[in-house]
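Input: a single structure, listed below in structure tokens.
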Amino acid sequence: MTAPAQARSPLGRAGRRLRSRTPRPFEATSLVIGLVLIAIVMVPLLRMLVGMFWVDGELTTRPIRRTLAAPGLAELLLNTVIVVVASSAIALVVGVGLAWLNERTNARMGLLTDSLPLLPFLLPPVAGAVGWVMLLSPRAGLLNDWIRGALSVVGISVEDGPFDIHSWYGLIMVYAFYAVPFVFMNAAAGFRNLDSSLEEASRLSGAGMLRTLRRVTLPVVAPSLGAGVLLSIWFGAGMFSLPAIVGTPAGIEVLSVRIVELLTFTYPPDTEVAVGLSGFVVAFVGLAYWLQFRILRRGRHAVASGKGGAARRIDLGAWKWPMRALVLGYVLVSTVLPMVALALVSLNGFWTPDIAWGELSLTALRDAVLDDPVTREALANSLGLGVVGGLVGILGAAAVALYVARRRGLLSGAVDAGIKLPAAVSNMVIAVGILLLFGGPPFLLSGTLAILFIGYLALYLPQASVAADAAVSGVGGELPEASAVSGARPFRTFRKVYLPLMTPGLVAGWALLFIRMVGDLTASAILAGTGNPVVGFRILEVFTSGSYALLASLSTVLVLVTGLVLAAVLAYTRRSSRLGVSASVGGV
């Protein structure tokens, strides 16, 4: 049979379809990488869930019964619900307000108001919690002392306070500061895509600005707001550093703190009750997902009408500058003040409200960190894990993103969903599963850097996947197709075309992973120990021992390192966008 006839035959067409469906070596490698990354998350998660019913080789409900009989369980659950729900509600109001001012009014200040509400992301929660303790401790808090000094000028004498960070309002406030960016990002996207003709129709019918906001704008962007609240609930349910540092001294115990105590500070570790409590975290996050699903169902009908149109900003008139001042004041309070407190205590050498301004020096900061061997080891371990873990995570996610982009189908969609799965599960639950699976036989990785590497990789895969998706989507299809037409194999096309064009986005994604891994405390509190100390675990140890100068110094170093990395990455990406990376493909 001739070649044309063979091509026209059903057998020839079937052969071509089979070849098109069979992954090439590059795609097969990407698929294997994706499956391995998914297994790192799924297997520990399944191990944790199975551990609730299968203990010592037999089917049992003992972990559930012991969990339900745990002392103070009702108070523990109530505390968790109050803190997470209250902080999420506050974050919803603040985040929506900031997003509305930035996207729908003339109070916007360009890149400044685009980025300022996201600054808490750059201050690791463990460092932020320490900073707030040093600001609002009743007697030694720096901000409290400055307020008392101001009150004394007008004849009001206050011995301590007036604020106490170790309280319900202190804990909820710090939670809310870190939840606001989740709401702000999603709300800003919703407001940005909103059809302004809907608001104009409302105002023409006689409704005022506030009534239009309440009856038209907010219902239309409800799906975006629901996503933001869901992320803040997911963040709060698994957060450990904030309640451990701020809430524990006030006697406010939440699920995440009790789980870490059972696994890390109890001998022998009580894994059965810890696994049972983790089940409550899963149920809590699952309930939040169900509520978001209900919001999304209603939201689809809300956006079905209206014609597209360019967004028209609301003129606030005389309120424009007060609103701008309000945004800047929020950033000052939420992020700048705790960073200032950390720096002052570090440079002063000890924690006192009576700062010796003329004696501030880097000597105390250097001595506190570099002269302590355990702290040096913890810092080196965290930096190494951040560099290597971020690199492996972003490159693995990039390979999967390329596979998903090139092979649209059921399998690629399942792989993409599996990579993003950890975002749907609390970090605390995944960390418990990793400890149960890899800590004991046959792996015996407990107390090693390997188990921390696996834990960080599993926890921060969603962030890596989102960054890699953005990097791949910016490449386009023309240059890879030109490379293929010129005879380049997929590996060469990846090395000569995709990688140079994706590098700025991948570098930004690596920086995000680095910052998250270096400042992690949730996984570190469960997976780290004296044999594999990292910065997060060391900060927890120092806080427990009460060495506040070392605590501030270590937190300050953490902020400096993440800040320098971020500044370098921003400078690199700006330079890359200005010079253009398309010249890198000249050697194809």
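The values are calculated or read from the model by the stated rules, or taken from the named source; none is laboratory data. This structure is a prediction, so every number in the text was calculated from the model and none was measured. Please note: Cβ atoms are built from the backbone with ideal geometry, for glycine as well, and neighbour counts cover all protein chains shown.
Among residues of region 335-363 being of a type in the set (Ser, Thr, Tyr) and over 32 Å from the mean Cα position of the chain (by Cα), the one that is modelled with the lowest pLDDT is 363. Looking only at residues in region 250-263 that are in contact (Cβ under 8 Å) with a residue 12 or more places away in the chain and surrounded by fewer than 19 Cβ atoms within 10 Å (Cβ to Cβ), the one that is nearest to residue 432 (Cα to Cα) is 253.
Only one of the numbered conditions (1) surrounded by 14 or more Cβ atoms within 10 Å (Cβ to Cβ); (2) at pLDDT 85 or above is violated by residue 332, and that is (1). Residue-level check: of (1) in a loop (DSSP other than H, G, I, E, B); (2) acidic (Asp, Glu); (3) at pLDDT below 80, residue 200 misses just (1).
Which of the residues belonging to region 364-381 are at pLDDT 80 or above, of a type in the set (A, V, I, L, M, F, W, C) and surrounded by 14 or more Cβ atoms within 10 Å (Cβ to Cβ)? Correct list: 378, 379.
Can you spot a residue in region 530-545 that is outside the structural domain of residue 246 (by TED's automatic domain parsing), of a type outside the set (S, T, N, Q), farther than 29 Å from residue 41 by Cβ and surrounded by 24 or more Cβ atoms within 10 Å (Cβ to Cβ)? Yes, region 530-545 contains a residue that is outside the structural domain of residue 246 (by TED's automatic domain parsing), of a type outside the set (S, T, N, Q), farther than 29 Å from residue 41 by Cβ and surrounded by 24 or more Cβ atoms within 10 Å (Cβ to Cβ).
Among the numbered conditions (1) surrounded by 18 or more Cβ atoms within 10 Å (Cβ to Cβ); (2) free of Cβ contacts under 8 Å to residues at least 60 places away in the same chain; (3) among the hydroxyl-bearing types (Ser, Thr, Tyr), the only one that residue 60 does not meet is (1).
Just wondering, is there one or more residues in region 426-449 that are of a type outside the set (D, E, K, R), surrounded by fewer than 15 Cβ atoms within 10 Å (Cβ to Cβ) and in a helix (DSSP H, G or I)? Explain how you work it out, then say what you get.
The initial filter retains those residues of region 426-449 that are of a type outside the set (D, E, K, R), namely 426-449.
If we keep only those that are surrounded by fewer than 15 Cβ atoms within 10 Å (Cβ to Cβ) too, we end up with 440-444.
Next, only the ones that are in a helix (DSSP H, G or I) stay: none.
Scanning region 426-449, I find no residue that is of a type outside the set (D, E, K, R), surrounded by fewer than 15 Cβ atoms within 10 Å (Cβ to Cβ) and in a helix (DSSP H, G or I), so the answer is no.
Within region 309-323, residues that are assigned by TED's automatic domain parsing to the domain that holds residue 210 and within 16 Å of residue 210 (Cα to Cα) reach no partner that is β-branched (Val, Ile, Thr) and at pLDDT 85 or above with beta carbons closer than 6 Å at six or more positions or on different chains. For region 531-570, the candidate set comprises residues that are part of a loop (DSSP other than H, G, I, E, B) and modelled with pLDDT of 80 or more; within that set, the residue that is farthest from residue 467 (Cα to Cα) is 531. Residue count for region 134-175, restricted to those that are closer than 20 Å to residue 235 by Cβ and in contact with a Gly (Cβ under 9 Å, 6 or more places away or on another chain): 6.
If a residue must be in a loop (DSSP other than H, G, I, E, B), modelled with pLDDT under 85 and under 13 Å from residue 264 (Cβ atoms), how many such residues does region 514-530 contain? Count: 3.
Any residue at all in region 492-513 that is buried (at least 17 other Cβ atoms within 10 Å of the Cβ), aliphatic (A, V, I, L, M), within 30 Å of residue 265 (Cβ to Cβ) and modelled with pLDDT of 80 or more? Yes, the conditions are met somewhere in region 492-513.
State whether the residues of region 39-53 include one that is among the aromatic types (Phe, Trp, Tyr) and either within 25 Å of the chain's Cα centre (by Cα) or assigned to a strand (DSSP E or B) (or both). Break it down into steps so the answer makes sense when it comes.
In the first step, residues of region 39-53 are kept if they are among the aromatic types (Phe, Trp, Tyr); the result is 53.
After this cut, where a residue has to be either within 25 Å of the chain's Cα centre (by Cα) or assigned to a strand (DSSP E or B) (or both) as well, the list is none.
No.
Within region 93-125, being touching a Ser or Thr at 6+ places or on another chain (Cβ under 7 Å) and part of a helix (DSSP H, G or I) holds for 102, 119, 120, 122, 125. On inspection, residue 147 qualifies as in the same structural domain as residue 243 (by TED's automatic domain parsing), more than 23 Å from the chain's Cα centre (by Cα), of a type in the set (Val, Ile, Thr) and assigned to a helix (DSSP H, G or I).
Which of the residues belonging to region 63-75 are in a loop (DSSP other than H, G, I, E, B) and surrounded by 13 or more Cβ atoms within 10 Å (Cβ to Cβ)?
Going residue by residue through region 63-75, those that are in a loop (DSSP other than H, G, I, E, B) are 69-72.
Across region 63-75, the qualifying residue is only 70.
With respect to residue 395, is the statement that it is surrounded by fewer than 18 Cβ atoms within 10 Å (Cβ to Cβ), closer than 26 Å to residue 532 by Cα and aliphatic (A, V, I, L, M) true? Don't jump to the end; show me each part of the working.
Numbers: surrounded by fewer than 18 Cβ atoms within 10 Å (Cβ to Cβ): yes; closer than 26 Å to residue 532 by Cα: yes; aliphatic (A, V, I, L, M): yes.
Considered against the rule, which asks whether it is surrounded by fewer than 18 Cβ atoms within 10 Å (Cβ to Cβ), closer than 26 Å to residue 532 by Cα and aliphatic (A, V, I, L, M), residue 395 comes out as yes.
Residue 487 meets each of the listed conditions (1) at pLDDT 80 or above; (2) on the phi > 0 side of the Ramachandran plot; (3) of a type outside the set (Ser, Thr, Tyr) apart from (1).
Rundown of residues vs (1) modelled with pLDDT under 85; (2) closer than 30 Å to residue 509 by Cβ; (3) not assigned by TED's automatic domain parsing to the domain that holds residue 441, yes/no style:
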{"position": "46", "(1), (2), (3)": "yes, yes, yes"}
{"position": "54", "(1), (2), (3)": "yes, no, yes"}
{"position": "61", "(1), (2), (3)": "yes, no, yes"}
{"position": "118", "(1), (2), (3)": "yes, yes, yes"}
{"position": "123", "(1), (2), (3)": "yes, yes, yes"}
{"position": "128", "(1), (2), (3)": "no, yes, yes"}
{"position": "143", "(1), (2), (3)": "no, no, yes"}
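From the list 449, 435, 445, the lone residue that is modelled with pLDDT of 80 or more and in contact with a Pro (Cβ under 9 Å, 6 or more places away or on another chain) is 435.
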